[in-house]
Amino acid sequence: MLVARDADKLECVIQGLEYLEQGCSNAREWVDTTRAKLKTPSAQALAEAAEGMSITEWRHTYLR
């Protein structure tokens, strides 16, 4: 159950990062608060990785 919840939150983080990349600066708080709720080390690591790359890079790296 915890992993499924983190997966949902991680998807929200990724979506928020997409919005930020498109210029919606209001998404920063959403990304930060959602990311802070992640519990599993793997979800935290994926969120950290996503923050350091473009959404296109993210898709090519993690969604193959």
Per the filter on region 27-64, residues in a helix (DSSP H, G or I), in contact (Cβ under 8 Å) with a residue 24 or more places away in the chain and among the hydrophobic types (A, V, I, L, M, F, W, C) are A43, L46, A47, A50, I55, W58
Quick one: in region 14-64, which of the residues that are among the small types (G, A, S) and surrounded by 14 or more Cβ atoms within 10 Å (Cβ to Cβ) is nearest to L2 (Cα to Cα)?
-> A43
Verdict on C24 being part of a loop (DSSP other than H, G, I, E, B) and at pLDDT 95 or above | yes
Flag for A4 being surrounded by 11 or more Cβ atoms within 10 Å (Cβ to Cβ) and part of a helix (DSSP H, G or I) = no
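The values are calculated or read from the model by the stated rules, or taken from the named source; none is laboratory data. Values in this document were obtained by computation on a predicted structure and should not be read as measured data. Neighbour counts are summed over all protein chains in view; Cβ atoms, including those assigned to glycine, are modelled from backbone coordinates with ideal geometry.
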